[in-house]
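Every number here is computed from the coordinates shown, using simple stated rules; none is lab data. These numbers come from a predicted model, not from an experiment. Quick reminder, even Gly has a Cβ in these numbers, built from the backbone with ideal geometry, and neighbours come from all protein chains shown.
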């Protein structure tokens, strides 16, 4: 297996200014797996669901080339459930309900075929579970990317710092970067966080794009301005999945290629927010992705040398 | 005269988390004029000061090639004064004091040599005064850029809408774009504002960069991540001055060249915030500007075609 991803495969119920859903399929690992599958067909997921999770969805993931040997299905138990409501400013959301269910006792199983994975995506989850996944690998991956959130900084900071020590790339948002580092300036925050372990820091800024810090360089990626954001759920996970999927497929870990991977992840995330849940990703074509990436090129590229000077 | 700029030439007293100043030289037109002077030596300003304004500063502007024939000096009166305090989030500021003084009865005088200016920068000021400047020109300029703020949307919206009708480029921040258009999405806001007159809209997003909308296209310019923002006062004016100065000097109003002008303006603005007031602009070299523009290139440019696909 080239790439393995760990995270939730779950149900969400979402309310945004654009509408409301019943229980739909969600979960960080679902978005990560789907996004990565557009770039690499050699990936698997480490996750747990209850017996209430629809077989048809698992079949859909499998058909996209996502290996499910690392997915545990717990008989007689229920899948993780999250319910939330977004405000007009889609950066702000209230959690209405969280039911851990199968996650309460999640002990990740790593199939033999996963144990020498070169690329590992640790999706947003309890930091101690993220650590356990790394501990159970047979060899050191080429690249470990970790996504987390303020919640874990609040209640499990020591565990988070422990796993960060074994991570190459950390993805968090700007407020989380400030919280984790104690620095307001993102430039200074990146320096503090680099000393915690991750050589690269990606700061996700939603409608303002993303920043990559590392190798003494900075890359600023734009976000595509959208007329309508339908549902931001899963955008960060989609971004991370596209990012690591692109790197896994190209096998190039240079800063220049990380830039491309960030654009690829950003392009995928810009689709996810167009519909509720995973709907848009499930119906996405390679041609649409290529066109969207071209839009990112037109959005941000300029040629200063033609006239200036 | 190729370029004329109208706006305040004034005193500021500023407090930021980094320190505090006594009365120092400020004013939108001061920053605009200084910024534009790095690109064009054929510019003049339309403004008013009292007899308290230091001659040495006027001499400094003049030495940079800024024509002062349109600057009125009112004997026995005082210059405009603004005092403000910024919080840790430099996007938020409190106005502590505003003394209009000479601005209360500002009747802009346009010298004969200014009346056929091809480029006109209407800096942040009473919309009716911005209108008057346009009314007093002898010929229609090639490009009129207008900067304004929420204050004028609150108290002089009709006057603002009137002048917008004769404007080619509007520069405002994201919250102001939302207020002026009544649309939350900036894509939709841009459409509404285009119908008010300006063919191009530049949305200034501070630490998140800037967006240019026009000709059915969008350009997203990054902001340079800075370890330390000393004082954001004048950053937007510097940006606008660099933008129109670059266009005036190149004479190219294509969308591609507007992108370059935005990068040029962004580069200059990134210097302004490094020190209090106009200090950094006053001591800036062309080599520093070129290096800074190169930093913007490295920050945002990528080559998607090398590996992708």
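Measuring nothing but label to label, 7 Å from Cα along Cα→Cβ, what are residue B:140's distances to the other copies in nm, shortest first?
Result for residue B:140, in nm, nearest copy first: 6.8.
How high is the relative contact order of the range B:108-168, given as a whole-number percent (alpha carbon pairs under 8 Å, six or more residues apart)?
Details: 74 pairs, mean separation 24.0, N = 61.
In percent, rounded to a whole number, it is 39.
Considering only chain B, pick the residue with its Cβ nearest the axis of the rotation onto chain A, and state the distance in whole Å.
B:208, 2
Above 16 angstrom, tally the Cα pairs of the range B:213-294 and express them as a % of all pairs, no decimals. Walk me through the intermediate numbers first.
Details: 1731 of 3321 pairs.
The proportion of pairs with Cα distances above 16 Å equals 52 percent.
Can you give the % of DSSP beta bridges in the range B:3-300 that are antiparallel, to the nearest 5? Present the calculation step by step, with values, prior to reporting the outcome.
Values: 20 of 51 bridges.
Counting only bridges with both partners in the range B:3-300, antiparallel ones make up about 40 percent.
Could you tell me which of rounded, prolate or oblate describes the range B:7-107, using a ≥ b ≥ c as the square roots of the eigenvalues of the alpha-carbon gyration tensor, with rounded for a/c under 1.5 and, failing that, prolate when a/b is larger than b/c and oblate otherwise?
Values: a/c = 2.15, a/b = 1.37, b/c = 1.57.
Here the range B:7-107 falls in the oblate category.
Where both residues lie in the protein assembly as shown, what percent of DSSP beta bridges are antiparallel, nearest 5?
Details: 40 of 102 bridges.
Once the DSSP bridges in the protein assembly as shown are tallied, antiparallel ones form about 40 percent.
With no solvent and one equal point scatterer per Cα, compute the Debye intensity ratio I(q)/I(0) for the range A:9-302 at 0.10, 0.11, 0.12 Å⁻¹ and report its log10, rounded to two decimals.
Relative scattering, expressed as log10 I(q)/I(0), comes to -0.49, -0.60, -0.73.
Kindly provide the helix-only [θ] at 222 nm of the protein assembly as shown, computed as the sum of -39,500 (n - 2.57) over DSSP H runs of four or more divided by all residues, to the nearest 500 deg cm²/dmol? Each step should come with its number before you reach the end.
Working: 22 runs with 224 residues, N = 618.
-10500 deg cm²/dmol, from helical runs alone.
With the label 7 angstrom out along Cα to Cβ, how close does residue A:156 come to the same site in each of the other copies, in nm, nearest first?
Inter-copy label distances (nm, one decimal, shortest first): 5.7.
Could you work out the relative contact order of the range B:3-300, using alpha carbon pairs under 8 angstrom and six or more residues apart, expressed as a whole percent?
Values: 638 pairs, mean separation 52.1, N = 298.
The value is 17 percent.
Can you pull a Stokes-Einstein diffusion coefficient for the range A:94-194 at 25 °C (0.890 mPa s), Rh from Kirkwood over Cα pairs, as a whole number of µm²/s?
Working: Rh = 14.7 Å.
Once the numbers are plugged in, D ends up at 167 µm²/s.
Within 10 Å of each residue's Cβ, count the other Cβ atoms and sort A:208, B:87 from fewest upward. Could the numbers behind the result be given before it?
Values: A:208 24, B:87 12.
So the ranking, lowest neighbour count to highest, is B:87, A:208.
With the label 7 angstrom out along Cα to Cβ, how close does residue B:253 come to the same site in each of the other copies, in nm, nearest first?
5.2
Taking every Cα atom in the protein assembly as shown, find the radius of gyration and the maximum pairwise distance Dmax, and write them in Å.
Cα radius of gyration and Dmax of the protein assembly as shown are 26.7, 88 Å respectively.
Quantify how strongly other chains surround peptide A:220-231 by giving the mean number of their Cβ atoms within 10 Å of each of its Cβ atoms.
Details: counts 12, 5, 9, 3, 3, 11, 4, 8, 4, 2, 0, 0.
Counting Cβ atoms of other protein chains within 10 Å of each residue's Cβ and averaging gives 5.
What does the C-alpha gyration tensor say about the overall shape of the range B:172-226? Classify as rounded when a/c is under 1.5, otherwise prolate if a/b is larger than b/c, or oblate. Walk me through the numbers on the way to the answer.
Details: a/c = 2.47, a/b = 1.52, b/c = 1.62.
In terms of gyration-tensor shape, oblate.
With contacts defined as alpha carbon pairs under 8 Å and 6 or more residues apart, what's the relative contact order of the range A:2-128 in percent?
Answer for the range A:2-128 is 32 percent.
Only bridges with both residues in the range A:1-101 count here: give the DSSP antiparallel percent, nearest 5. List each step's numbers first, then the result.
Values: 11 of 26 bridges.
Within the range A:1-101, antiparallel bridges account for around 40 percent of the total.
Could you line up A:293, A:14 from fewest to most neighbouring Cβ atoms inside 10 Å?
Working: A:293 20, A:14 26.
Going from sparsest to densest Cβ surroundings: A:293, A:14.
Over all residues in B:261-272, what is the mean tally of Cβ atoms on other chains that come within 10 Å of each residue's Cβ?
Working: counts 2, 1, 3, 2, 0, 0, 1, 0, 0, 0, 0, 0.
Going residue by residue through B:261-272 and averaging, the value is 1.
With the cut-off at 1.5 for a/c, could you classify the range A:212-258 from its C-alpha gyration tensor as rounded, prolate or oblate? It would help to have the intermediate numbers written out before the result.
On the way: a/c = 2.81, a/b = 1.61, b/c = 1.74.
It comes out oblate by the Cα gyration axes.
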